[in-house]
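Visitor: Structure in structure tokens, see below.
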Amino acid sequence: MVGLSVPAEPSVEEEEDVSITIDSIRGSLSEGPIIMNAIRDSETGEMVASDVIVASKVTARFRNVAERAGYVTIGFDITVPSAMADSRWQLKVRPMMRIQSDTLALDPIYITGSGYRAAQLRGYERYRAFLATIITDTADFVHMHQLEVFLQRHFPQTFAMKNDSSLISEPLAANLFGVTQREALQHYTSHLRRSMNERRKVRADKLYSRYVKDPIVTEGIRLDTVLVGACGDFTYCYEHTFRSRPRLRKVMVTLDGDLYEMGERLTELPFPDELTFYVSSLSSLADQSPRYRMRIVERMVYDNTKALIDFEVGKSKVDTLLGDNASELHRVRRCIENVLARDDLELDSLVVVASCSPEGTYESNRRLSEARSRAVLEYIGKYVPEEWRDSLVASSLPENWAQLALLVENDTVISPHARKSICAMIGSMKSPDRTERELAKLPDYRYMREKLYPQLRSVKFDFYLHRKGMQKDTIHTTEIDSLYMAGVQALADLDYKRAVAMLRPYDDYNAALALLSADYNHSALDVLGRLDDDDPKVCYLKALVLARSGQLEEAVKYFDLCVAYDPHMEHRANLDPEMHELVKLKNLFKTK
């Protein structure tokens, strides 16, 4: 039967002394099947295959593999015994991978005998020969000589088109001779040949199935190789890389397939037991301990919101039909309701502050802003519970120069020189009315008045609250660091880029583990260098990252330190292919 095994792992001494080369015989599918190299046997004269992959036979049915940067690579050997390399046969082997609750079909491999492939090619040739008998040019059904004689006699002008581009219209020809050119064409057409040709077209699919009993597959296949002869077992080293999954512990691989002869299925092949690959992931080393952060809780709480409420020029009445007043006031009411609905906070005061733009005198703007503040306060008072109405306070800001300076500073239309000049005028202001008159002389004043001033006519709502039941002004408490724990969860979910983004600022063990899992080895080593060496897991990660960078002796030292702290970590290293090499080196150094 077809063999399924994991390739042997060479020892450290073999890796140092022997160079093992494995030819996977993998080719481009777009180039068609691969023809193996063959030589003629000097004794029998038979052509035999020379591209035989040399691989060790092992009895192990499992292998430890490592998840690296979110991916896992498994490798196994599929061996076809020489007794099955018959020229008339084709072996179709389909590897199947069971991963958690899913069963996935991997790319199949085809081992085809030279006689089988020759039969396939003959089927294609026979089908192409049949297609060549199908007439594609309708002119081939017409008796052209007889039609030309008829046209020369009765339609000389039409016949002249053979060498001349002049044209006689169809209706005119019919009127002159009583016979149309179309009728003449139909008369000299062989309808029997046309009907026979149509029957050939209908039979095309049926004859394809008859001639091409087993089509040559060119897509979705890992290997299609033709064995010209047999001189020992044929072994294919199959390698498959796939995206890992959270909490993935093992992957099972088995084979499925059939044996074919001249396009006919002979039998379903017996296959050995499945292989098991145990997946080792660095994410299992994550420190799941909860992390807390200090939080300062103040007794007094402040919040605010701003609304752009439009008023008629010089007026203070709240008009819900003007501009976006309806939506702005609705948003303010929702904000007040949300604040009053909180059980942990109690409202001390809600201060309504209305402000105007610098247009007009400062005194007139003061009176107008006070009137608008009282009008808004009266409006929202209708939507506040009666016991809270005494907490409502009206205030005003006649001209919001600070906001104007901020708007000018961040504006991209006004030139940098003009922005600097305007901000300087506002900063050195002594009289608001005089500053307004100076601004009115500037070229940018019209733009400021049309675009910036409307943003100054706003109403601000300041909420002053305190926490219920809290006596002290400030208390310090601890709480779970949700951002950090989300990073640890991303590490467990193998979302390493997200884990790095969340954990890197903490510069701790889990941050180093996330960097190492994402294959950011230099950054991981930099973080580990700032951690203490008295933690066995820290020593383990240092040994791993040093081994990846080729510093094997230094890696063995940290691994020895890790095992000295926690002897169980040596067993963990045996499950990790990357660390297993350090275990072998450690034992080798001991023997020396």
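Values in this text are rule-based calculations from the coordinates and carry no lab data. These numbers were taken from a predicted model, which means no experiment stands behind them. Positions of Cβ are generated from backbone atoms using ideal geometry, with glycine treated the same way; all protein chains shown enter the neighbour counts.
Visitor: Summing +1 for each Lys or Arg and -1 for each Asp or Glu, what net charge is found among the other residues whose Cβ lies under 9 Å from the Cβ of residue 123? Show your work: numbers first, answer last.
Guide: On the way: positive: 122, 126, 210, 213; negative: 125, 214.
With Lys, Arg at +1 and Asp, Glu at -1, the net is +2.
Visitor: Still on this structure: For an R0 of 60 angstrom, estimate the FRET efficiency from the Cβ-Cβ distance between residue 402 and residue 69 and round to the nearest 0.05. Before the final figure, lay out the partial values.
Guide: Values: r = 52 Å, r/R0 = 0.87.
Plugging the Cβ-Cβ distance into 1/(1 + (r/R0)^6) gives 0.70.
Visitor: Using a Förster radius of 56 Å, what is the FRET efficiency between residue 264 and residue 195 based on their Cβ-Cβ separation? Nearest 0.05, please.
Guide: Approximately 0.95, to the nearest 0.05.
Visitor: Note down the net charge around residue 465, summing +1 for each Lys or Arg and -1 for each Asp or Glu among other residues with Cβ under 13 Å from its Cβ.
Guide: Numbers: positive: 299, 342, 467, 468; negative: 298, 303, 343, 344, 346, 348, 462.
After counting each charged neighbour, the total is -3.
Visitor: Name the shape class, rounded, prolate or oblate, that the alpha-carbon gyration tensor gives for the range 82-127, where a ≥ b ≥ c are the square roots of its eigenvalues, rounded holds for a/c under 1.5, and otherwise prolate holds if a/b is larger than b/c and oblate otherwise.
Guide: On the way: a/c = 6.35, a/b = 2.08, b/c = 3.05.
The shape class here is oblate.
Visitor: In terms of modelled amide H atoms, which long-range or inter-chain residues lie less than 5 Å from the amide H of residue 233?
Guide: Here 82 satisfy the definition.
Visitor: Tell me, what are the semi-axes, in whole angstrom and largest first, of the equivalent ellipsoid of the range 481-591 as set by the roots of 5 times the Cα gyration tensor eigenvalues?
Guide: Values: eigenvalues 135, 33, 32 Å².
Sorted largest first and rounded, they come to 26, 13, 13 Å.
Visitor: Here's a follow-up. Note down the magnitude of the dipole of the range 271-311 about its Cα centre, charges +1 on Lys and Arg C-beta and -1 on Asp and Glu C-beta and zero elsewhere, to the nearest 20 debye.
Guide: On the way: 5 positive and 6 negative charges, 93 e Å.
Computed charge dipole of the range 271-311: roughly 440 debye.
Visitor: Something else: Please order 479, 436, 570 by the number of other Cβ within 10 Å, starting at the fewest.
Guide: Working: 479 10, 436 20, 570 16.
So the residues, fewest neighbours to most, are 479, 570, 436.
Visitor: Hey, another quick one. With a 10 Å Cβ neighbour count serving as the proxy for reagent exposure, in which order, fewest first, do 116, 208 appear? Walk me through the intermediate numbers first.
Guide: On the way: 116 24, 208 17.
Placing the least packed residue first, the sequence is 208, 116.
Visitor: Going through the cross-link list 430/451; 315/468; 468/497, which pairs have a Cα-Cα distance over 32 Å in this structure? Could you put the intermediate results ahead of the total?
Guide: Details: 430/451 25 Å; 315/468 40 Å; 468/497 42 Å.
The answer is 315/468; 468/497.
Visitor: Nearest 20 debye, what's the magnitude of the dipole of the range 210-349 about its Cα centre given +1 on Lys and Arg Cβ and -1 on Asp and Glu Cβ? Don't skip to the answer; put the middle values down first.
Guide: Details: 20 positive and 25 negative charges, 128 e Å.
Result for the range 210-349 is approximately 620 debye, rounded to the nearest 20.
Visitor: On to the next question. Could you quote the convex hull projected area for the range 294-467, Cα atoms only and averaged over all directions, in nm²? Walk me through the intermediate numbers first.
Guide: Values: hull surface 50.1 nm².
The orientation-averaged projected area of the Cα hull of the range 294-467 comes to 12.5 nm².
Visitor: Tell me, 276, 136, 435, 320 in order of fewest to most beta-carbon neighbours within 10 Å? List each step's numbers first, then the result.
Guide: On the way: 276 16, 136 8, 435 19, 320 13.
The fewest-first ordering by Cβ neighbours comes to 136, 320, 276, 435.
Visitor: Considering only 340, 357, 384, whose Cα is most displaced toward the positive end of the charge dipole of the range 294-467, charges sitting on Cβ of Lys, Arg (+1) and Asp, Glu (-1)?
Guide: 357
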